[in-house]
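Nothing in this text is a laboratory measurement; each read-out follows from the coordinates by a stated rule. None of the values given here were measured: they were computed from a predicted structure. We place every Cβ from the backbone using ideal geometry, glycine too, and count neighbours over all the protein chains shown.
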Amino acid sequence: MEKTRDIRYFDHAATSWPKPAEVVEAVNRALTETGGNPGRGAHTFALAATRAVSDARIAVASLLGIAESRDVFFVPGCTEALNLVLKGTLAPGDRVVVSSVEHNAIVRPLTVLAAAGVEVVKVRGDAEGRIDPDDVETAVRQAPTRAVICQHASNVTGAIQPVGDLADIAHDNGAVMIVDGAQAAGHLALDLSALGADAYAVAGHKGLLGPQGIGVLYLAPGFEPTELVQGGGGADAHDPSQPKDRPERYEAGTGNTPGAIGLGAAASLLAHRGAEIRATERRLTRALHEGLLGIPGVTVLGPPPGEARVPIVSVTVTWMGPDELAATLDRRYGIMTRAGVHCSPWTHETVGTGAAGAVRFAPGHGTTDDDIAAALDAMGELAK
């Protein structure tokens, strides 16, 4: 008979759960009290929504080290943010240099752009999923390059990439730096004004602890990709052209007001407790990592213990396939993980796990020492 155990949630890299009470309360207030559309009227509800979204934008900008909140754009998610930047920046004949450990949020738009005539040059990461800046610099210098593209942290290996160094390389060679920050925001202390990225895309629902369906795009001052969507806004309604002012240019139509307000509440929470949460995540991730290495037949992907990684520990085992392992952990032990290639087949090809992929343990906000112990006990039992 199957064992029944408490739920142990290890899928924070997909979406954080449960959401902090402050976030839930903010979303509820947005739905029940704030009311109208921000920037779309002068009545009480519309003005309240406008103020609430503006406050959320300021909170997010402050958390991410963005000097001007007008450079923060609320979008449906990190994937749309990356599509906006890539498709709004690159044209046939352009050349880009990209890492071999990217998520499909980068790979698939680049595939479309490559079919239209954009040259895509892939720089291979090492067996632990890390990118060498020297390899990127060599590739960039081989021919005029429009953009360097790299994730900040891997959703498979947890490896943290040297995006500041890559931004310097890009700028020294006349290119722009585009960063997928889906797995970094919230888990790393960020100062985007100093990092050097021209574009940085963020998922609101992962390490930032916000709701699903909301993301953030940061565009450095002076970097103006063509907007992906044109439509209604709160200004210049008589002009058939899309406004060029920020943030209106990149926020056409009615946005996810409850999501933005919820994300603002999450940003305010992390401004006060982020350092504490990150320290706990690092401690628990290392305990999980080291414990898994002590179980026979387990291989842990990514950097070794003691080297920097975000709270992601992916494994392969000799005694069970990834899908069966994840299903058994869930069914028998109440341990929720993620199996497969994690929307990142390039990464699995790079680190040698192929089409089968791996099982990803992703602790996060709310994970406890008991959760780590339960995961290690379960893996130890299964190994026997």
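Return the calculated 222 nm mean residue ellipticity for the chain, to the nearest 500 deg cm²/dmol, obtained by summing -39500 (n - 2.57) across DSSP H runs with n ≥ 4 and dividing by the residue count. It would help to have the intermediate numbers written out before the result.
On the way: 11 runs with 148 residues, N = 384.
The helix contribution divided over the chain gives -12500 deg cm²/dmol.
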As I understand it, the value is the acute angle between the Cα axis of helix 104-115 and the longest principal axis of the Cα atoms of the chain; what does it come to in degrees, rounded to 10?
60
Students often forget the sequence filter, so: which aspartates and glutamates lie under 17 Å Cα-Cα from Lys122 once same-chain residues fewer than 8 apart are removed?
Asp94, Glu102, Asp132, Asp134, Asp135, Glu137, Asp180, Glu349
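Give me Val202, Val136 sorted ascending by neighbouring Cβ count inside 10 Å, so fewest comes first.
Working: Val202 32, Val136 24.
Ascending number of Cβ neighbours within 10 Å: Val136, Val202.
Does the range 23-269 classify as rounded, prolate or oblate by the C-alpha gyration tensor (a ≥ b ≥ c root eigenvalues; a/c under 1.5 gives rounded; else a/b over b/c gives prolate, otherwise oblate)?
prolate
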Phi-derived 3J(HN,Hα) across the range 21-32 with the Karplus relation (6.51, -1.76, 1.60, θ = phi - 60°), rounded Hz, x for Gly and Pro, is 4, 4, 6, 4, 5, 5, 5, 4, 5, 4, 7, 10
Kindly express, to the nearest 10 degrees and within the range 0 to 90, the angle between helix 369-383's C-alpha long axis and the longest C-alpha principal axis of the chain.
50
Rounded, prolate or oblate (a/c below 1.5 giving rounded, otherwise prolate when a/b exceeds b/c) for the range 237-375 by Cα gyration tensor
prolate
Residues of the range 125-166 with backbone nitrogen within less than 18 Å of a virtual label 7 Å along the Cα-to-Cβ line of Arg286, please, listed as ranges.
158-160
What aspartates and glutamates does Lys244 reach when the alpha-carbon gap must be under 17 Å and sequence neighbours fewer than 8 apart in one chain are set aside?
Glu68, Asp71, Glu224, Glu227, Asp236
Under the Karplus relation with 6.51, -1.76 and 1.60 and θ = phi - 60°, whole-Hz ³J(HN,Hα) for the range 363-368, x at Gly and Pro, equal x, x, 4, x, 5, 10
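Could you tell me the relative contact order of the chain? Use alpha-carbon pairs under 8 Å, at least six residues apart, and round to a whole percent. Present the calculation step by step, with values, prior to reporting the outcome.
Numbers: 812 pairs, mean separation 95.3, N = 384.
Value for the chain: 25 percent.
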In the Gaussian network model of the chain, springs joining C-alpha atoms below 10 Å, which of Ala42, Ala266, Ala185 carries the largest mean-square fluctuation?
Ala42
Round to the nearest 0.05 the FRET efficiency obtained for Ser62 and Glu324 when R0 = 51 Å and r is the Cβ-Cβ distance.
0.70
Relative to the first principal axis of the alpha-carbon coordinates of the chain, what is the inclination of helix 322-333, with its axis defined by its Cα atoms, in degrees from 0 to 90 and to the nearest 10?
80
In terms of Cα to Cα distance under 26 Å, which lysines are near enough to Lys19, apart from those fewer than 8 places away along the same chain?
Lys206
